Structures are given as C-alpha cells and as structure tokens.
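Have a look at the structure below before the remarks.
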Amino acid sequence: MWNGLVGVAKETYTASLGEGVVPRPLMMPLVRGELVGLIWVRPLKVGQDALAGIAELANIAAAAGADEVVLAWETHDVATACELPIVGPAPCLNMVLTTRDGHVLHQFPYNEQLLSRSPEGWASVVPDCGPAPAPQPGGELVPPIQAAVNFAFTPIELDHPDPFGVTVVLMEEDGYRVSLTEAFAR
C-alpha cells in the first residue's frame, strides 16, 4: 500500500508543478489497511490560519477511526504558509506514515527543471528527484504536521448518528477537497 500512496503523491506533485502550482498538503487516512480517501487542505491565509488549516486535516482521520495516516507536504510551501523556518531539504516532497505508536518521515528532495514561465511570472517546472535519505523513524515534523499527526487518532465525539459523514460535509463546506474511496463514500 505504501508504494501506491507514494506513487499517488509523486504523480500529484509532478502534475501540479507542471501547471505552475505547488499542491496543498494532503492526508490519506487508512482503516484496517483500506484507504479512506484523499483530503487536501483548504485554501489558507499565511500565518495562524495555515497552522490551523493543516492541523484540521486530522478531523476526517479521527472521525473515520483511522489506524494509519499518511500526510504529504512540500517543505518550502508549508514553511512559507505557516511562517516557519525551513527544516530539512527544500524543495522536497515529505511524507509521513503514522500510527498510534509513532511515525516514520520519508523525504523525497528534488531539483526544479524549468519548463516554461507564464507572462504573469508563474513557473512551470518538473521535479528532478535526487537520492532520498533513509526513512527517519520519529523524524522531526513541522508544528502543523505534528499537530495533524497527534489529532488524527483523537476520537471525535459528535452527537450524531453519522459522525464521519457530518465531519466530511463540514470540512467540504470549509473548503477542504475530499475525495473518498468507494468503500467510504457517503
């Protein structure tokens, strides 16, 4: 499953960077080894809103009762949005695989090969992946990612017959892009 999720994240990043856009942070919760879906963070304002918006990705994982969660983000993008120092390689696609027992950080640094530049100055690039460092059990995570990891396994208590469905609807209304797999679709 891990290799498939890495493939999805890399394909998404490559396609988005080719269009001149850095993809927003992405969460992929799993329940008993089955993918719940893909959840992209809502549009963010720089600062506290970005910190909160990324941490809130955990809501769907918590509502689904996830036992594993994968998060993907770009080093420079999250640091800029959250007004944090850059930690680790940049540019870099980061992925963390986490369970209740801990996490393993995987980093996929890349160089940007310029494809084109729009009249507005947007650069369309293709990532040229370099060697990936060894996976880092318990590797340092930036605060909003660490918060999402921490909250992903905190049960959500809603007085509703379908807490998962309500959570999905509320997050979609807040601007998160949620794509559930068939097994978890409402």
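The values are calculated or read from the model by the stated rules, or taken from the named source; none is laboratory data. None of the values given here were measured: they were computed from a predicted structure. Note that we place each Cβ from the backbone using ideal geometry, even for glycine, and neighbour counts take in every protein chain shown. Surface areas here come from the heavy atoms of the whole protein model, side chains and all, with no ligands, DNA or RNA. Shrake-Rupley method; radii C 1.70, N 1.55, O 1.52, S 1.80 Å.
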Item to complete: Read phi for every residue in region 47-62 and hand back ³J(HN,Hα) as whole Hz from Karplus 6.51 cos²θ - 1.76 cosθ + 1.60, θ = phi - 60°, with x for Gly and Pro.
Response: x, 4, 4, 5, 4, 5, x, 6, 4, 5, 3, 5, 4, 5, 4, 5
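Among 126-138, 143-155, how do they line up from the highest to the lowest mean number of other beta-carbon atoms within 10 Å?
Most protected by this proxy first, the peptides run 143-155, 126-138.
Starting from 0.36 nm per residue, how many nanometres of slack lie between Asp128 and Thr12 once their C-alpha separation is accounted for?
Going from the current span to full extension adds 40.3 nm.
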Worksheet item: Once label points are set 7 Å from the Cα along Cα→Cβ at both His76 and Val31, what is their separation, rounded to one decimal in nm?
Response: 3.9
Worksheet item: Expressed in nm to one decimal, what extension gain is obtained for the pair Ile86 and Ser116 from 0.36 nm per residue of sequence separation less their Cα-Cα distance?
Response: 8.2 nm
Discussion item. Could you derive backbone 3J(HN,Hα) for region 149-161 from the dihedral phi with the Karplus parameters 6.51, -1.76 and 1.60 (θ = phi - 60°), listing whole Hz in sequence and x where the residue is Gly or Pro?
Written reply: 4, 5, 7, 4, 10, 8, x, 8, 9, 10, 7, 8, x
Discussion item. For region 118-141 and region 37-62, what is the centre-to-centre distance using only Cα atoms, to the nearest Å?
Written reply: 20
Discussion item. With unit charges on the beta carbons (Lys and Arg positive, Asp and Glu negative) and the dipole taken about the Cα centre of region 48-186, which residue among Thr75, Thr98, Ala63 sits farthest to the positive side?
Written reply: Thr75
Response to the item:
Over the chain, the sum of -39500 (n - 2.57) across DSSP H runs of at least four, divided by residue number and rounded to 500 deg cm²/dmol, gives at 222 nm -9500 deg cm²/dmol
Worksheet item: Farthest toward the dipole's positive end in the chain, which of Pro155, Gly88, Phe184, given Cβ charges of +1 (Lys, Arg) and -1 (Asp, Glu) about the Cα centre?
Response: Gly88
Worksheet item: Can you run phi through the Karplus equation (6.51, -1.76, 1.60; θ = phi - 60°) for region 15-21 and list ³J(HN,Hα) in whole Hz, with x for Gly and Pro?
Response: 5, 5, 4, x, 9, x, 10
Discussion item. I'd like the carbon and sulfur percentage of the solvent accessible area for the chain, probe radius 1.4 Å, heavy atoms only, ligands and nucleic acids excluded.
Written reply: 54
Worksheet item: Among (i) 27, 18, 16; (ii) 31, 23, 14; (iii) 40, 20, 12, which is the computed semi-axes √(5λ) of the Cα gyration tensor in Å?
Response: (i)
